[in-house]
Amino acid sequence: MQTGLRGRDLIDLSEWSRDDIDTLLDVAMSLKRDRALGRAHPILKDKTLAMLFFYASTRTRASFEAGMTQLGGHAMFLESRTSQIAHGDTAKEIGEILGRYNDGIAIRHVDWGAGNSYIRSVAEASRVPVLNMQCDIYHPHQALADLMTIIERFGDPRGRTATISWAYATSYQKPISAPQSLALLLPRFGMNVRLVHPPEFTLMPEIVARAEEFARRAHASFEISDDFDKGLADTAVIYAKSWGAVNTTTDEAEGKRLIDQYSSWITDARRMSTASDDAIFMHPLPADRNVEVTDEVIDGPQSAVYDEAENRLHAQKAVMALTMS
Ligand code: CP
């Protein structure tokens, strides 16, 4: 167990060692147990987290805010649109100033080519930990909650297969960060990962290269294919969600045209039945119901989406308690 995580930023989980992540999971499980037992845990009494959003959120905002309250502290909601960021506050100024008012800064900024570098610039100027609530490249707290959910269902996931697949969506071109963070994390825990997507929907090549290296070190496999049905066969985890063709085109209309070629990429009962008997369906939400996944699957007995959403709370509380105390 790591006891020296105070002051650490969490921007990409790959920057945290396997030992560090084991500690996060251990503390998250302990905090979840305490909450189930009604045991108060005011570890961050009188502390404040600034939460700065450049992009919409339901789960991330609600779980960080509830988590800070449960830890005895307070979460301050800020958004770029209604703050002076819209009038020129720089990343350095945000890091310096919010770092002097608060005990942690959490940021969501998913703009392609801008989000991660903004968060890193704030972190460079901040005297307190900076937590990535999702950027253009990573969604580390989602991946941590996803891994926690997999471990709760299967125990040690070593040797199990997880399929991270693209899916069709019509609502908007969804960020690529959740599948990228998960593809980096699961091989470190010995899971055999199948990454499945149409040819135009690649993950960033450097992410894939790092994921393959993590798999090699853990003696796990990391396979890439464009065959949705084959990718689901006998798998234990179906993590099927849409993402934009950002590595192929940044043109919105062209991106939409590419997406619309693959309207058959939906997780339905037939496809679910080809996975292993104890397989679970996962999705970080929001989902395009009956487009990405049918109601029957997402509301069915194999769906883990609500546990996954709940575990955002416990996983993030562990991160905050360990970095901000
Ligand atoms: N999964 C997730 O990050 O949800 P929100 O976009 O609602 O925060």
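For the reader, a short list of remarks on this structure follows.
- Any hit, the range 17-39, residues being within 16 Å of the ligand (Cβ to nearest atom), closer than 16 Å to Val319 by Cα and in contact (Cβ under 8 Å) with a residue 12 or more places away in the chain: no
- Pair list, Cβ < 7 Å and 6+ apart or interchain, from the range 84-97 residues that are closer than 12 Å to Glu124 by Cα to residues that are open to solvent by 80 Å² or more (accessible area, probe 1.4 Å): Gly95/Glu124
- Filter pass, Asp34 being over 18 Å from the mean Cα position of the chain (by Cα) and acidic (Asp, Glu): yes
- Of all residues in the range 201-220, those that are at negative phi and open to solvent by 40 Å² or more (accessible area, probe 1.4 Å) total 9.
- Residue within the range 318-325 that is more than 16 Å from the ligand (Cβ to nearest atom), closer than 27 Å to Ser17 by Cα and open to solvent by 40 Å² or more (accessible area, probe 1.4 Å) present: yes
- Filtered residue count, the range 35-46, keeping only those that are open to solvent by less than 30 Å² (accessible area, probe 1.4 Å) and farther than 27 Å from Ala91 by Cβ: 1
- Scanning the range 134-166 for residues that are assigned to a loop (DSSP other than H, G, I, E, B) and away from the ligand (no atom under 16 Å from the Cβ) yields Gly155, Asp156, Pro157, Arg158, Gly159, Arg160.
- Leu71 fulfils the conditions (1) open to solvent by less than 10 Å² (accessible area, probe 1.4 Å); (2) under 27 Å from Ile137 (Cβ atoms) except for a single criterion, (2).
- Residue within the range 47-65 that is within 14 Å of the ligand (Cβ to nearest atom) and exposed (fewer than 13 other Cβ atoms within 10 Å of the Cβ) present: yes
- Residue that is of a type in the set (Gly, Ala, Ser), away from the ligand (no atom under 16 Å from the Cβ), within 14 Å of Leu195 (Cα to Cα) and free of Cβ contacts under 8 Å to residues at least 24 places away in the same chain, where the choices are Ala220, Ala209, Ala233: Ala209
- Residues located in the range 1-16, provided they are free of Cβ contacts under 8 Å to residues at least 12 places away in the same chain and buried (at least 18 other Cβ atoms within 10 Å of the Cβ): Trp16
- Checked against (1) in the same structural domain as Thr274 (by TED's automatic domain parsing); (2) open to solvent by 10 Å² or more (accessible area, probe 1.4 Å); (3) in contact with a Pro (Cβ under 8 Å, 6 or more places away or on another chain), Gln134 passes all but condition (1).
The values are calculated or read from the model by the stated rules, or taken from the named source; none is laboratory data. Fair warning: this is a prediction, and the values are worked out from it, not measured in the lab. Glycine also receives a Cβ, built like all others from the backbone with ideal geometry; neighbour counts cover every protein chain displayed. In case anyone asks, the SASA skips ligands and DNA or RNA and just uses the protein heavy atoms, side chains included. Shrake-Rupley method; radii C 1.70, N 1.55, O 1.52, S 1.80 Å.
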